[in-house]
Structures are given as C-alpha cells and as structure tokens.
Amino acid sequence: MTQPRIGIVGGGLAGLSAAVACGDAGAHVTLFESRARLGGATWSVERDGLWFDNGQHIFLRCCDEYIRFLERIDALQLTAIQPQLDIPVLVPGQPAVSLARQNLPAPFHLTRGLLGFAPIPFGDRLRVAWAALALRGLDLADPALDAIAFGPWLRAHRQSEVAIQRFWDLFARATLNVEVDEASLALAAKVFQTGLLTNAGAGDIGISRVPLSALHADTARVALDRLGAQISTRTAVERVECTPRGGSRVRTASESIDFDAVIVATPHEQAAQLLPDEAKPDRDALRSLGASPIVNLHVIYDRHVADLDFAAGVDTPVQWIFDRTASSGVGARNPNEQCLAISLSAADDYVGVSRERLRGQFLPQLERLFPAAREATVRAFHVTCERNATFRGSPGTAALRPPAETGVRSLFLAGAYTDTGWPATMEGAVRSGNRAARGALDSIRARTKR
C-alpha cells in the first residue's frame, strides 16, 4: 500500500489534532491555513514585547483526548492541573469563598464546598444540591433535552434567581459561552455531569503556563515537522471538490492538489462555503449554528494587587480573572508588575465597545474586588476579541451539528461544532479532529482493499 495522502483544511485544534493523528498512522499530511498562524481560536498576540491570549481557555481533568493531544505534542508540561478542584469566588466587599472538592465519591465530593458557599442563602444551597442530583440523573442520549433551555429547567427545579446568577451561571456561561436562559439543557447536562457530578476528580482545572500559541501552535508544528507533514500557512482554500477516482481535491488560488481524503476543519460558516454539493451539506443548518463571542481584558498594574492564579466573580461583571504575569512576559520584564486578564464569555454586549469605555467600566470593578488596585497605577490596558469564538449552544443545536462523515466517502468534517456530544471546547475540537482522522484513514483502507 502506498502512503496515503490526506489534506487538512484549517489549522485550529481540530485540524492540528487530525493532522497529528493521520501522520502518526503513516499518512502524508498537507495542512492548509489561511492565516499566518496556527491555533485557530486559541491564539496569542504580541504587543510591546508582551504576549496576550485571545481567551483564557481552561481545561478539566476529564478532557481526556485534549490531554492526550498535549502529551503527544510534548506540551502537557507547559500546563498546570490542580491536584484538587478549588475555585476561589470573589464577591465585592466580602471575603473570598472557595468551591472545593473533598476526597469523597461523586457527587458527595462537593458537599462541603456547596454547603459553605456563602454567596447564596443556605436554603438555596440545599435546593442547588437537589437540582444537581436531578441534573445528574438526566439521560444525555435523550434528544428531548436539546429542545429545553437550561434556565427554565432550573426554575422548574426551584432554583432562585440568586442561585442561578451566583452558582449555575458561574459554570454554564464559561463552558457554553451563552447565558443560562439561552443554553441547551442537553449541553448543560453534559457539562455538569461530565465535569462535576459523575467523577470526583473530573473537574480539576488545568491552565496553560505559557501563551496559547506556544502551547498549541508552536509545539504542534514541531510534531508535524517531525512527521514530515507539509504546512501551508497564508494559503486560503477556495473550494474542495471530488475527483473521478474517488478522492478529494483542494483548490487554492494558485494550485489544485488531489488527495486520497480531505478533512475540512474550518469554522462552520466557512465549511458551508467550501463543501461540494456531492457532500450533501446542510448549509442552512451550518449557518444556523450561529456564533458567540469571547472578549478578554488585559490589565498591567505597576504592582501586585491580587494573590491568585484564577478566580470567578459573582455580583460583578468580572466573570473570571486570571493572573497572566508570567505567561505574558510581564514578570520577566518587571517583577514588581502584575498582569490580570478578565475573561468575558457570551460577550455580545462588549463586542465593538471601545477600549476606553471598557477601561472605565472594568477598572473600578477590579478595585472593588482587589482594594490594593486602588493605589496602583495601570501601566497598560489591552483588549482582545474573538467574535466567532464558538457556536451558540442554544436549544435545537444538536439537530444542526453534522457528523464527521459527509456524503462523499473521501471527505470529512472536523471542528468543535460537529456532533461530538461536547460543547464548543478544546476537548470537543480535539475529539472532532481525532474522529475525522479515523474516518479518513478507515475510508482509504476500505477503498484500497477493493
């Protein structure tokens, strides 16, 4: 059997994981990326010699395929995973509280953390525990769950608005990138069951200790170079076609290349444009998946104002906050300075807002959370925005998400928007890439045997 040739369109996590999986299986891989960089929706930008991520992407210990991908590209050592789930929660004017797990079987591992969660009244804490058990008992295979919004389901299970805003939204907004009233119950149940309610250690949080581009793009490029893959950045694919011999063809502005199989790992809007009619794409469904933005604010202070790796905020527009002093390079430049990054999910209200307006809105909020910031000088304030960070995980989403397979046996889809069963996360992206790689390789083997 000759070495199979596989083309991959898109250099995000889905495309990179597909490329590595295909290369490991002995295929010759050509990866096309329209931008100058790899990494897709996980990227970093350099400003004044410092590095800032477009979003503070975290992962959980239950993200098995993403963790294996990091191990494969020799990047796992660039991350830090909590030995035990512990989320500091900040409330303006009040002492910080901790949502931490104990060494008990799930779901009892969260009992002490939940019962001691002071931001919500004690009666609400008991009702949260009751709703969590109900959520744990939902059947993720039941398609009816995707027709229901998470917020109304919570209210039907006696959850107060305080509990919804201060507890449930804490997790749902960050993982689903939509507000609870817009979130699919099916996706919410997946998040809570897999991350918090089934396995005690599943929700331990991992973060990158380096810029995201260094974590994903740089290490994956090295791994692919070792596999002999060809990486073509700044190369926009105009369309993908079928070939007479049962393969697929990639057309760019300057050339057309035939492959035994092609994996389209672009965002869903681009996939709708690239796929040939023979693939029977449901272009309306792909476009209907929509998009939800993430905005990050990067604040550099002339001194340390907060002692944390990360924290969540309630009763404040500061949703999640991360200390990125080391990864940004701020600490190396001046050990007295500190860089804090505010991550804003479901950030429709912040897209297009001027930097000065965001500065005026959020700096006072940081001072409410960290009194030391009141005496500090802000050295810099940067904004990054990913307008199309994820698809919108709303009710009805499941019916719109396509499988990896298309109507063409040599053409496959990859991307967090595909039907992985996961929300639009790094784990979902890697799972989709691995699934598309298996499909492409199996298809080539089956055709070769004939």
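Let me know the shape class of the stretch 64-190, please: from the alpha-carbon gyration tensor, a ≥ b ≥ c as square roots of the eigenvalues, rounded when a/c is under 1.5, otherwise prolate if a/b is greater than b/c, or oblate.
oblate
Can you give the extra length, in nm with one decimal, that the chain gains between residue 161 and residue 438 once fully stretched, where that is 0.36 nm per residue apart less the Cα-Cα distance?
95.2 nm
Once you put a point 7 Å from the Cα of residue 315 and another 7 Å from the Cα of residue 198, both along the Cβ direction, what distance in nm separates them?
3.5 nm
Report the label-to-label distance for residue 333 and residue 374 in nanometres (one decimal), using points 7 Å from each Cα along the Cα→Cβ vector.
Simple spin-label model gives 2.8 nm for this pair.
Tell me the carbon and sulfur percent of the accessible area for the chain, rounded to whole percent, probe radius 1.4 Å.
Details: 9160 of 18630 Å².
Percent of accessible area from carbon and sulfur atoms in the chain: 49.
Apply 1/(1 + (r/R0)^6) to the Cβ-Cβ distance of residue 2 and residue 147, taking R0 = 41 Å, and write down the FRET efficiency to the nearest 0.05.
Efficiency computed from Cβ-Cβ geometry: 0.30.
Restrict the search to the stretch 224-259; then list the trypsin sites (Lys or Arg not before Pro) that DSSP places in a loop and that have at most 11 other Cβ atoms within 10 Å of their Cβ.
Sites meeting the loop and neighbour criteria: 234, 245.
How big is D, in µm² s⁻¹, for the stretch 1-132 by Stokes-Einstein at 25 °C and 0.890 mPa s if Rh is the Kirkwood radius over C-alpha pairs?
Here the translational diffusion coefficient equals 130 µm²/s.
Can you list, bin by bin at 20 Å, the percent of alpha carbon pairs in the chain, starting at 0?
Per 20 Å bin, starting at 0, the Cα pair percentages come out as 25, 55, 19, 1.
Need the full-extension length gain, residue 349 to residue 307, defined as separation in residues times 0.36 nm minus the C-alpha distance. One decimal, nm.
Stretched fully, the residue 349-residue 307 segment lengthens by 12.2 nm.
Give the share of C-alpha pairs in each 10 angstrom bin for the stretch 313-450, from 0 to the last occupied bin, in whole percents, shortest bins first.
Each 10 Å bin holds this share of Cα pairs: 10, 27, 24, 19, 13, 6, 2, 0.
Pull up the DSSP beta bridges for the chain and report the antiparallel fraction as a percent, rounded to 5.
Details: 47 of 64 bridges.
Within the chain, antiparallel bridges account for around 75 percent of the total.
What is the sum of charges, Lys and Arg at +1 and Asp and Glu at -1, for the other residues whose Cβ falls under 10 Å from the Cβ of residue 251?
-1
Between residue 222 and residue 45, what is the label-point separation in nm under the 7 Å Cα-to-beta-carbon projection?
2.7 nm
Which cross-chain or sequence-distant (5 or more) residues have an amide H under 5 Å from the amide H of residue 60, H modelled 1.01 Å from N in plane?
Here the answer is 206, since their amide H atoms fall under 5 Å of that of residue 60.
The values are calculated or read from the model by the stated rules, or taken from the named source; none is laboratory data. Everything numeric in this text was worked out from a predicted model, so none of it was measured. No Cβ is skipped: glycine too gets one built from the backbone with ideal geometry, and neighbour counts run over all protein chains shown. To get the accessible areas, we keep the full protein, side chains included, count just its heavy atoms, and leave off ligands, DNA and RNA. Shrake-Rupley method; radii C 1.70, N 1.55, O 1.52, S 1.80 Å.
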